[in-house]
1. I need every pair where a residue in the range 128-148 that is on the phi > 0 side of the Ramachandran plot and outside any helix (DSSP H, G or I) has its Cβ under 7 Å from the Cβ of a residue that is open to solvent by less than 50 Å² (accessible area, probe 1.4 Å) and among the basic types (K, R), sequence separation at least 6 or different chains.
2. Taking interchain pairs and intrachain pairs at least six residues apart, which have beta carbon atoms under 6 angstrom, with the first residue in the range 42-58 and assigned to a loop (DSSP other than H, G, I, E, B) and the second basic (K, R)?
3. State yes or no: is R196 more than 18 Å from the chain's Cα centre (by Cα), assigned to a helix (DSSP H, G or I) and farther than 19 Å from T262 by Cα?
4. Kindly list, by first and then second residue, each pair from a residue in the range 249-262 that is touching a residue at least 12 places away in the same chain (Cβ under 8 Å) to a residue that is open to solvent by less than 30 Å² (accessible area, probe 1.4 Å) and among the charged types (D, E, K, R), limited to pairs with Cβ atoms under 7 Å and residues at least 6 apart or on different chains.
5. Every residue in the range 88-122 that is open to solvent by 20 Å² or more (accessible area, probe 1.4 Å) and not in a helix (DSSP H, G or I), please.
6. For the subset of the range 21-45 comprising residues that are of a type in the set (A, V, I, L, M) and at pLDDT 95 or above, which member is farthest from L83 (Cα to Cα)?
7. Looking at G246, G205, which one is within 30 Å of S20 (Cα to Cα), open to solvent by 30 Å² or more (accessible area, probe 1.4 Å) and of a type in the set (G, A, S)?
8. Out of the range 228-243, which residues are modelled with pLDDT under 95, exposed (fewer than 13 other Cβ atoms within 10 Å of the Cβ) and not hydroxyl-bearing (S, T, Y)?
Amino acid sequence: MYSERSTPMAAPDLLTALRSRTPVFAAELRPPRAELATSEGMDAWIDTYHAVRRLTQDTFVFLTDSAVGAQEEDNLRHLVTNLGQDVPRSRIVPFLTAKHPLEYCLSYAERARQNGFSALVVLGGDQRVGAPRSVEHAWQLRRLLRERDRTILLGGWANPHSEPDRQVDYLSDPSFHAEFFLTQIVSHHGIDAAARFIERADRRGLTLPGLFGIFFYRSANRRTLEALRSFLPVPIDGLTREFAEGSTPEDICARTIRALMTAGARHFYISNLPPSRAQTVLAAILEKARAPA
């Protein structure tokens with residue numbers, strides 16, 4: 001069971017963990033927005049540092065980069081400056097989107113490798129908001145990074161809500177240029193699409209390991225859920241019903257884990273955990289899901 005006193009995982013890096021039979025339950029954190037006032041931004045980063053330190057005792061942490069087009073602080077610079085050397089860099093996986101100048105993207109990956117980070121998730125980034133992409137597709141950026149450095153692990157993206165064969169084609173193509181992938185957010189309210197994707201990937205022998213995304217919905221606030229729907233599939237009616245029936249955010253998150261495990265998924269990342277309580281909340285979710293660590 002996941003707990004604050006559990007011993008660190010034996011896996012030295014993310015890919016080794018994903019290739020094992022033991023489920024991975026990672027956390028995805030979003031860095032503070034760049035436009036926050038100095039004191040507010042400092043407090044937010046302190047919460048993020050503490051969350052990363054605590055979570056990496058037991059699991060992996062993904063740190064996003066302009067996930068929804070907002071201007072966010074340079075996550076790598078802050079991590080290198082403030083985390084120190086006692087936090088295992090192999091358990092921290094920064095995101096890099098193509099929504100930066102190309103030279104920045106290339107230097108970012110070089111800085112990550114030089115500072116001991118063994119993996120990056122490389123995505124295109126939402127084209128509807130924020131800065132334009134420096135390349136049209138994420139695989140093009142991963143190819144450029146791979147040409148410069150073959151030692152750092154690269155992760156890509158899949159959408160289990162789309163046509164499953166096309167997604168498996170995409171993940172199987174050598175031009176994908178990745179050693180693992182993350183998926184779009186999935187909910188137990190729409191598990192059929194994810195189940196079809198898992199079944200098709202298994203039937204076609206896809207060996208690329210992936211982590212399924214699960215969103216930690218903190219309330220049934222309709223305005224918030226409507227805003228989130230601009231960026232990910234949100235089952236507003238189902239969530240509203242569950243909260244009205246007395247379910248907690250942890251209950252709802254755990255149901256999605258159980259549904260995905262029943263469908264055949266093995267590895268997961270939990271998004272939107274509150275930074276100040278991330279480790280405690282993740283432990284409560286896994287306890288409710290009765291998930292092995």
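The values are calculated or read from the model by the stated rules, or taken from the named source; none is laboratory data. Since the model is a prediction, treat every value here as computed from it, not as a measurement. Neighbour counts are summed over all protein chains in view; Cβ atoms, including those assigned to glycine, are modelled from backbone coordinates with ideal geometry. The area values use the complete protein model at the heavy-atom level, side chains included, leaving out ligands, DNA and RNA. Shrake-Rupley method; radii C 1.70, N 1.55, O 1.52, S 1.80 Å.
1. Qualifying pairs under 7 Å: G130/K99.
2. If the second residue must be basic (K, R), the pairs left are T56/R91.
3. no
4. I252/E242
5. Correct list: P88, H100, P101, N115, G116, S118.
6. Taking the candidates together, the pick is V24.
7. Selected residue: G205, the only one of G246, G205 that is within 30 Å of S20 (Cα to Cα), open to solvent by 30 Å² or more (accessible area, probe 1.4 Å) and of a type in the set (G, A, S).
8. Matches in the range 228-243: R229 only.
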